[in-house]
Every structure is written in C-alpha cells, then in structure tokens.
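The block underneath contains the structure these notes are about, expressed in structure tokens.
The values are calculated or read from the model by the stated rules, or taken from the named source; none is laboratory data. Computed from a predicted model, the values in this text were never measured in an experiment. Methodologically, a virtual Cβ is constructed for each residue, glycine included, from the backbone with ideal geometry; neighbour enumeration extends over all protein chains shown. Note: accessible area is taken over every heavy atom of the protein model, side chains too, but ligands, DNA and RNA are not part of it. Shrake-Rupley method; radii C 1.70, N 1.55, O 1.52, S 1.80 Å.
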Amino acid sequence: MIIDFRMRPPARGFLNIGVYDNVARTAKLTECFSLKQAPSVTQKSPELMLQEMDEAGVTMGIAPGRNGHFRYNVTNDEVVEMVRHFGGRFAGIAGINGADRAKAFEEIDRYVVNGPLVGINMEPGAMPTPWYADDRRLYPIYEKCEAHGIPVVLMLGGRAGPDLSYSSPIIISRLARDFPGINFLVSHGGWPWVQPLLGACFWQHNIYIAPDLYLMNSPGAQDYAAAANTFMQDRFLYGSAYPLMPIVDCVEHFRKLFKPEVLPKVLYQNAVRALKLDIPID
C-alpha cells in the first residue's frame, strides 16, 4: 500500500490551478529536478493518472482544497465531488481561508466535523494579503481544530509566501508548542529550511513532514532521508506533489532512500495515523 500525501488530480476545480493552466511551464519545473512530466499531466487525463497510480502501486492520494489563495482556488464542494468521483482512490482535505474566520468555522463544521473530508489545509502566506501561519488571528481556527482532533496541513516550504520567512521553521515550532493536541502536517517539508525544521521535529512530536518534490534530487534530500530513517520514521510522509512530479518515478526514487523496515511507515502507515484514516495499517 502507498498513500501519496500531496496530489492534485486533473479533475474538477483542480484543472483551474496554475499547474494545469500551462503544462509546458509545469514541465520546466519538473525538469529542474531531473525528471520528466507524466503523460497524464501533458494530456490532463484522469484515466492516465489512475493507470500511473496503479503502475506505481499508489493506493490512495490525498488532495488538498485551496481557499483564500491570491490567484487559484479549489472549493471544498469540488474536493468532495472529486473524492466521490474517484471512488476511494482519494481522500480530501478542506481548504480554509484563514482571513474569513466565520466562513472558516462554517466550512470546518460542514466538511470535516460533519462531512467526508479528513483535515484542513491553509496557505496563509499565499493570501492576497499574506499572513504568517502563526499569526494570532489564526489561533481561533487552530483552537477549533484542536478541540475536534482535526489534523492541520500547512504549506511551509517552496513558495509559501512573498519571501523565505513565510517558511521559517520557527513558525511551526511555535504552533506545535501552542497546540500540542494538533497533528501538524507540513507540505513541501519546510524547504529550504531543512535542517532547522528537522531540529524542531526532533523536540516536538506533533509535527509531520512531507518534503514531496523537494525530496527528488534536491539539496537537503539526504538530510530528510537521514531523519526519516531514524527519529522521524513515525512522522515522515510520502508525497509526490503531482502534477509537478511524475507518480511512477517518484515512488521508484523514494523507495531507494529508506531502510526496508522504515518503508511501510513512510509510504502509508504514518499518513493513516496522522490523518486518522479509517484504513488498516497491518
């Protein structure tokens, strides 16, 4: 079994986001990591994507909604429709606009507490007016998630905001301290702040990381792998960042980095635990 923690399929509202509106531009980013764009991305084909998942052994993808982004959004209704359409091949994360607290509360209740989605996703640094993820105006949202045991996905890494400070590991360290009851899942792995983020993870055990594309032939990849093979083996997640990275090549690359006894944890068991999925792990 393999659970891909970060996938955005060529379907529903995901087709409106930047990675699909110009697949030639997306291909150039893929090539930066010495990989080639998947045929399913070039053709924007859900059928080819499912074939590629099957070839790679990917059982389930985790698809994050996006709300409050300065340019591209995917509504939670679209995420729910997509999950239903693919019949068990995907689980969805609710995209939450942290700047609209009333709507955030309503959508958390509707889509997560009383709905089919398994967590929330926020990208505060990508809002029209960027916020840091530890901005105190977001704390009531975190308080609600902690009260209901809801996992929180934060994009902290890569282009998470106008400058590198929006991915600072100090942010997630503060949040993990202030909300010890939340599983915080860091997509893009805090890159390029690799070692400082891993330092925070060493002491704070409610931080999970998925470097996704930054584990693929990128500076810092060996540091991620060293941590996952030792103290992070229970909190490290596999993710491809598809469509930025090809599904089959990512799985092949990922498998080579980790000890055989660690692979089941990082490929699926940790995701099941972190997101509280109703899936057997043995």
Study note, to complete from the structure: Per-residue ellipticity at 222 nm attributable to helices in the chain (runs of n ≥ 4 DSSP H, -39500 (n - 2.57) apiece, nearest 500 deg cm²/dmol) works out to -9500 deg cm²/dmol
Practice item. Return the FRET efficiency for the residue pair ASP282, LYS28: r is the Cβ-Cβ distance, R0 is 41 Å, and the value is rounded to the nearest 0.05. Key: 0.45
Check your understanding: So, with +1 on the Cβ of K and R and -1 on the Cβ of D and E, and no other charges, what is the size of the charge dipole of the chain about its Cα centre, to the nearest 20 debye?
Key -> 320
**Study point:** FRET efficiency, 1/(1 + (r/R0)^6) with R0 41 Å, evaluated for THR230 and HIS69 via beta carbons
**Key:** 0.70
**Study point:** Rounded to 5, the percent of DSSP beta bridges in the chain classed as antiparallel
**Key:** 5
Practice item. Give me the aspartates and glutamates in straight-line cross-link reach of LYS144: C-alpha distance below 20 Å, same-chain residues under 8 apart excluded. Key: ASP100, GLU106, GLU107, ASP109, GLU123, ASP134, ASP135, ASP178
**Study point:** Size of the range 108-207 as Cα extents on the principal axes (Å, biggest first)
**Key:** 37, 33, 23
Check your understanding: Picking from ALA227, ASN217, PRO280, whose Cα lies most toward the positive end of the charge dipole for the range 175-282 (charges on Cβ: Lys, Arg +1; Asp, Glu -1)?
Key -> ALA227
Exercise for review: Starting with the highest mean, order 2-14, 22-34 by the number of other Cβ atoms within 10 Å, averaged over the residues of each peptide.
Suggested key: 2-14, 22-34
Check your understanding: Can you tell which of PRO140, PRO211, PRO130 shows the greatest fluctuation in a Gaussian network model of the chain with Cα springs below 10 Å?
Key -> PRO140
Revision key, fill the gap. Reviewing (i) 0.91; (ii) 1.14; (iii) 0.95, the figure for Cα Rg over 2.2 N^0.38 Å actually calculated from this model sits under (i)
Review point. Roughly what would the spin-label model give for VAL113 and GLU81, points 7 Å off Cα along C-beta, in nm?
Key: 2.6
Exercise for review: For the range 265-280, take each phi angle, set θ = phi - 60°, evaluate the Karplus expression 6.51 cos²θ - 1.76 cosθ + 1.60, and give the result in whole Hz per residue in order, putting x for glycine and proline.
Suggested key: 5, 6, 7, 7, 4, 5, 5, 4, 5, 5, 9, 6, 6, 8, 9, x
Review point. Relative to the present Cα-Cα distance, how much length would full extension add between HIS205 and GLU261 at 0.36 nm per residue of separation?
Key: 18.1 nm
Check your understanding: Roughly how many nanometres apart are two label points built 7 Å out from the Cα toward the Cβ at MET1 and ASP54?
Key -> 2.1
Exercise for review: Show me 166-178, 69-81, 230-242 ranked by packing, highest mean number of other Cβ atoms within 10 Å first.
Suggested key: 230-242, 166-178, 69-81
Exercise for review: Keeping the other protein chains in place, figure out the carbon and sulfur percent of the accessible area of the chain, with a 1.4 Å probe.
Suggested key: 52
Practice item. Straight distance only, please: which lysines reach the Cα of LYS36 with their own Cα at less than 23 Å, same-chain residues fewer than 8 apart left out? Key: LYS28, LYS44, LYS256
Check your understanding: Amide H neighbours of ALA94 under 5 Å, counting only residues 5+ apart in sequence or on other chains, H built in-plane at 1.01 Å?
Key -> GLY65, VAL118, GLY119, ILE120, ASN121
Exercise for review: For the range 61-77 and the range 130-169, write down the distance between their C-alpha centroids in whole Å.
Suggested key: 15
